[in-house]
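Scroll down for the structure; my scribbles are underneath it.
The values are calculated or read from the model by the stated rules, or taken from the named source; none is laboratory data. Since the structure is predicted, the reported quantities are computational estimates derived from the model, not experimental observations. Note that we place each Cβ from the backbone using ideal geometry, even for glycine, and neighbour counts take in every protein chain shown. These area figures cover heavy atoms from the full protein model, side chains too; ligands, DNA and RNA do not enter into them. Shrake-Rupley method; radii C 1.70, N 1.55, O 1.52, S 1.80 Å.
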Amino acid sequence: MKKITLVFGLIFLLSSSIAESDDASEAYVETEEEVPTVDIPYKSPEILEPSRVYFSEHFDDPAEVEKRWVRSEAKKEGISEDIAKYDGEWKIESPLRDGLIGDKGLVLKTQAKHAAISSPLKRPFVFQDKPLIVQYEVTLQDGQQCGGAYLKLLSKSSQPLHLEQFHDKTPYTIMFGPDKCGGDYKLHFIFNHRNPINGSIQEKHSKKPSERLEDLINDKHPHLYTLVLNPDNSFEIFIDNKLVNSGTLLDDFMPAVNPPAEIEDPTDKKPEDWDEREKIPDPAAVKPEDWDDDAPAQIIDESATKPDGWLDNEQPHIADPNAQKPVDWDSEMDGEWEPPLIDNPACESAPGCGTWEPPLVNNPAFKGKWRAPLIDNPNYKGKWRPKLIPNPDYFEDKTPFKMTSVEAIGFELWSMSKDILFDNIIITEEITIAQQWAADTFQKKRQKIAKDSESVIEKLASLTVEYPILWGVYILGLGIPVVLILYFCCRPSSSNAQKKEKEDLQRQAEKKKTDEASENIEDENVDEDETGRGDQENEDEEEEEEENEKEEEQASTSEKAPEEGTRKRKVRKE
């Protein structure tokens, strides 16, 4: 019912605007009407299979969030004391725009400050035979100038977990999410790999995604980031459910997980007689006798003559006579002041000024420095490379998926933009659970944004598909304005009617002007006035005129204008 009411309202506004536009005599002010936003039903998502979920957070209950999440009180090492503290502000808030009723998120309110917050998993995730799916939403509500919006999966250790001391050096297993600084847009997927020989940890960075990230980071809309990591070492990364990166842990990370089996011998040295030159000058070549190495590239043009009017005694540039030494000029500090040079006005109309010198031309005898042509080097041995030896640090890890177990999740960030919103985090081993979680949350947000951004025509079209009976409403609603337009455009105006009446009167008047009886009356009246005839004569004239009118009517029916003229003259003579 609400949708139908909206349609009738839109049609009424459309009809009113059309009708008012036809009345040119009335002025109006055009205003932009705000279309009400569409309400998409929302409720906090629920996990149907808790045994397959290791972490889930929708942030809709601020009291529960305060219980589960811990703000860091640590200090970052190696930087100035005034910015070392993790004092960025975290709040639970609704989105600034396009939000669903009841939906909230974790918001980093401050900018240019270190901020860290974390929460333990329901139970640790152990990398064995189950896939790892990490999914969360990011909304850069104020855009992003420089900073990250990634999350970290904190590694499990033998020591108790102290999340209030979470900082940049806290061991993590996986870092995943968007990052930007300047024109560098990134989507991180980094995992820490443990060397099975010496136990050292090294970061491995995935290749760049195929999707352009500029629009996603700058549009200020919520975006869904999903990482799928499988026990067979394959991975997939999705943005808004669209695949943007994929590969394997063994082949698509830098540096590579497994080192090379052989390396160059660091003690090997190139022999002194090793010749790496592919080409050498021909030792049998001889310079031609007429080859002059010292011939200049250009010589003076002997045929040139000084142009007429050349001013030898004038300089091309002279000191500016209007220049004045600055008041603050210090001769001891700045040196002797000299006025700046300007073009000599005396040279403007002359072909040149100063000492004339003939121009230079290319030297036909110039050949440059002679060099012998190159030939193949008979002693060439190729590019020297150190010999390869077995790599003492070589190992082969065929299952890099088996990483250090994860026991907590956290955001450890620094950003030049504020109001970064995180929402609907889930860590699970089943992709369908993550998809359903996104359908209950992210998809509804995108649906609301799409609905709110629809134009009036698009709204009417979608409603028409849902309610075909609206076609009748459209016909009535649009038909009435069309009829009114045609009526007002095609109806005869009062001025046109008056004009037509005038034309009819004028035609009647013209007919009377061509009526001989009326002309005779006018002529006879003029004759009477001129001759001063009496009343008796006037009565005689009237009788004659009546007879003449009868004759003229008969004559007009026979359409003989010349005879009528003759009759008029006869009557006047009589």
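Summary of values
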item	result
Filtered residues of the range 116-133 (kept if open to solvent by 10 Å² or more (accessible area, probe 1.4 Å), over 20 Å from Thr170 (Cα atoms) and not basic (Lys, Arg))	Gln128, Asp129, Pro131
Of the criteria (1) of a type outside the set (Phe, Trp, Tyr); (2) assigned to a strand (DSSP E or B); (3) open to solvent by 80 Å² or more (accessible area, probe 1.4 Å), which one Asn245 fails	(3)
Criterion violated by Gln315 - all others in (1) among the polar types (S, T, N, Q); (2) within 53 Å of the chain's Cα centre (by Cα); (3) at pLDDT below 95 satisfied	(2)
Top-ranked residue in the range 188-214 [being of a type in the set (A, V, I, L, M) and in contact with a Lys or Arg (Cβ under 7 Å, 6 or more places away or on another chain); ranked as surrounded by the most Cβ atoms within 10 Å (Cβ to Cβ)]	Ile190
Every pair of residues 6+ apart whose Cβ atoms lie under 9 Å, when the first sits in the range 294-309 and is in contact (Cβ under 8 Å) with a residue 24 or more places away in the chain and outside any loop (DSSP other than H, G, I, E, B) while the second is open to solvent by 80 Å² or more (accessible area, probe 1.4 Å) and polar (S, T, N, Q)	Gln298/Asn362; Ile299/Asn362
Segments classed as strands (runs of 3 or more DSSP E), wholly inside the range 120-238, with at least 3 members that are closer than 30 Å to Lys85 by Cβ and not hydroxyl-bearing (Ser, Thr, Tyr)	132-140, 146-148, 151-155, 172-181, 184-194, 201-206
Residues (open to solvent by 100 Å² or more (accessible area, probe 1.4 Å) and in a loop (DSSP other than H, G, I, E, B)) located in the range 271-287	Glu272, Asp273, Arg277, Glu278, Pro283, Val286
Some residue of the range 223-242 being closer than 30 Å to Lys156 by Cβ, open to solvent by 80 Å² or more (accessible area, probe 1.4 Å), among the aliphatic types (A, V, I, L, M) and in contact with a strand residue (DSSP E or B) (Cβ under 8 Å, 6 or more places away or on another chain)	no
Residue selected from the range 134-156 under the condition of a type in the set (A, V, I, L, M, F, W, C) and open to solvent by 10 Å² or more (accessible area, probe 1.4 Å), by the criterion nearest to Leu229 (Cα to Cα)	Leu140
Single condition Tyr185 does not satisfy, out of (1) over 30 Å from Asp219 (Cβ atoms); (2) open to solvent by 30 Å² or more (accessible area, probe 1.4 Å)	(1)
Odd one out for Gln315 among (1) part of a loop (DSSP other than H, G, I, E, B); (2) in contact with a strand residue (DSSP E or B) (Cβ under 8 Å, 6 or more places away or on another chain); (3) touching a residue at least 40 places away in the same chain (Cβ under 8 Å)	(3)
Options Glu276, Glu289: the member that is out of contact with any strand residue (DSSP E or B) (no Cβ under 7 Å at 6 or more places or on another chain) and free of Cβ contacts under 8 Å to residues at least 40 places away in the same chain	Glu289
Total residues in the range 248-260, condition part of a strand (DSSP E or B) and surrounded by 15 or more Cβ atoms within 10 Å (Cβ to Cβ)	2
Check on Phe166, in contact (Cβ under 8 Å) with a residue 40 or more places away in the chain and within 30 Å of Glu73 (Cβ to Cβ)	yes
The range 416-432 - residue that is assigned to a strand (DSSP E or B) and touching a helix residue (DSSP H, G or I) at 6+ places or on another chain (Cβ under 8 Å) and, of those, farthest from Leu229 (Cα to Cα)	Asn424
Every pair of residues 6+ apart whose Cβ atoms lie under 7 Å, when the first sits in the range 459-479 and is under 23 Å from Gln447 (Cβ atoms) while the second is modelled with pLDDT of 70 or more and open to solvent by 30 Å² or more (accessible area, probe 1.4 Å)	Thr464/Trp471
Tally of residues being in contact with a Ser or Thr (Cβ under 8 Å, 6 or more places away or on another chain) and on the phi > 0 side of the Ramachandran plot across the range 48-97	0
Residue list for the range 181-202, filter: within 30 Å of Ala112 (Cα to Cα), among the hydrophobic types (A, V, I, L, M, F, W, C) and touching a Phe, Trp or Tyr at 6+ places or on another chain (Cβ under 7 Å)	Phe189
Qualifying residue in the range 161-176 (condition: of a type in the set (Asp, Glu), at negative phi and modelled with pLDDT under 90)	no
Matching residues, the range 324-379, being part of a strand (DSSP E or B), free of Cβ contacts under 8 Å to residues at least 60 places away in the same chain and open to solvent by 80 Å² or more (accessible area, probe 1.4 Å)	Leu341, Asp343
Residue satisfying all of: in the range 441-457; in contact with a His (Cβ under 9 Å, 6 or more places away or on another chain) and closer than 16 Å to Asp60 by Cβ; modelled with the lowest pLDDT among these	Lys445
